[in-house]
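Okay, so here's the structure we're looking at.
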Amino acid sequence: MNEEKKKPYIQFHEDDKVRYNNEMKNLKEEDLQKIDTYRKYCKLRKAARKESKPRPVLTNYMAFARTERPKIRKENPAISFGELGKLLGARWKTASPEVIAACNKMVCADRERYEKEVESMKLASVSNP
């Protein structure tokens, strides 16, 4: 997008920034406390939802990435996140069957972990309705 097309969006952003700052100046202390309390409530709710679910099972690629990422980082310490992903993808495409089998073992172990966590959650929900 060229600068001419960006101009209305930039102007809208600047106007909105001024509006927001004016509204924040005009808020009373009790309103600010309500906003802060609501933000804390939302964070706690989100954290509670995350804790209530077991972490999902790894995929073969994610297991591969977990083992290969430190190696790539060691070889290229200044590599960007995007470039790291590209290198991981390229290595995954050319991975040997032995490496893929090792990743599959990691996935099977992680699947067992997941199933145990789900079972414990079910038991906990039955005992604490």
Task: Gained length - residue 16 relative to residue 80, 0.36 nm times residue gap less alpha-carbon distance - done: 19.7 nm
Open item on the list: With just the Cα atoms defining each centre, how far is the range 1-74 from the range 97-120? Give it in Å.
Closed with: 32
Task: Per residue, in Å², the accessible surface of the range 31-129 once ligands and nucleic acids are set aside, probe 1.4 Å - done: 80
Open item on the list: Given a 1.4 angstrom probe, I'd like the percentage of the accessible area of the chain that is carbon and sulfur, rounded to a whole number.
Closed with: 59
- [ ] Rounded to whole Hz and in sequence order, give me ³J(HN,Hα) for the range 71-84 from the Karplus expression 6.51 cos²θ - 1.76 cosθ + 1.60, θ = phi - 60°, writing x for Gly and Pro.
- [x] 5, 5, 4, 5, 6, 10, x, 9, 6, 7, 4, x, 5, 4
Task: For the range 18-28, Karplus couplings with θ = phi - 60° (6.51, -1.76, 1.60), whole Hz, Gly/Pro x - done: 5, 4, 4, 4, 5, 5, 5, 5, 7, 6, 7
Open item on the list: With 14 Å as the cut-off, how large is the P(r) tail for the range 74-129, expressed as percent of Cα-Cα pairs?
Closed with: 72
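So if I place +1 on the C-beta of Lys and Arg and -1 on the C-beta of Asp and Glu, and nothing else carries charge, what would the dipole magnitude of the range 1-97 be about its Cα centre? I want it in debye, nearest 20.
720
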Task: For the range 10-107, diffusion coefficient by Stokes-Einstein and Kirkwood Rh (Cα), 10 °C, 1.306 mPa s, µm²/s - done: 86
- [ ] For the range 1-65, state the semi-axes of the equivalent ellipsoid (square roots of 5 times the eigenvalues of the alpha-carbon gyration tensor), sorted largest first and rounded to whole angstrom.
- [x] 37, 28, 6
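The values are calculated or read from the model by the stated rules, or taken from the named source; none is laboratory data. Predicted, not measured: the structure shown is a model, and the values here were computed from it. Cβ atoms come from the backbone with ideal geometry, glycine included; neighbour counts cover every protein chain shown. Remember, those area values only see protein heavy atoms, side chains included, never the ligands or the DNA or RNA. Shrake-Rupley method; radii C 1.70, N 1.55, O 1.52, S 1.80 Å.
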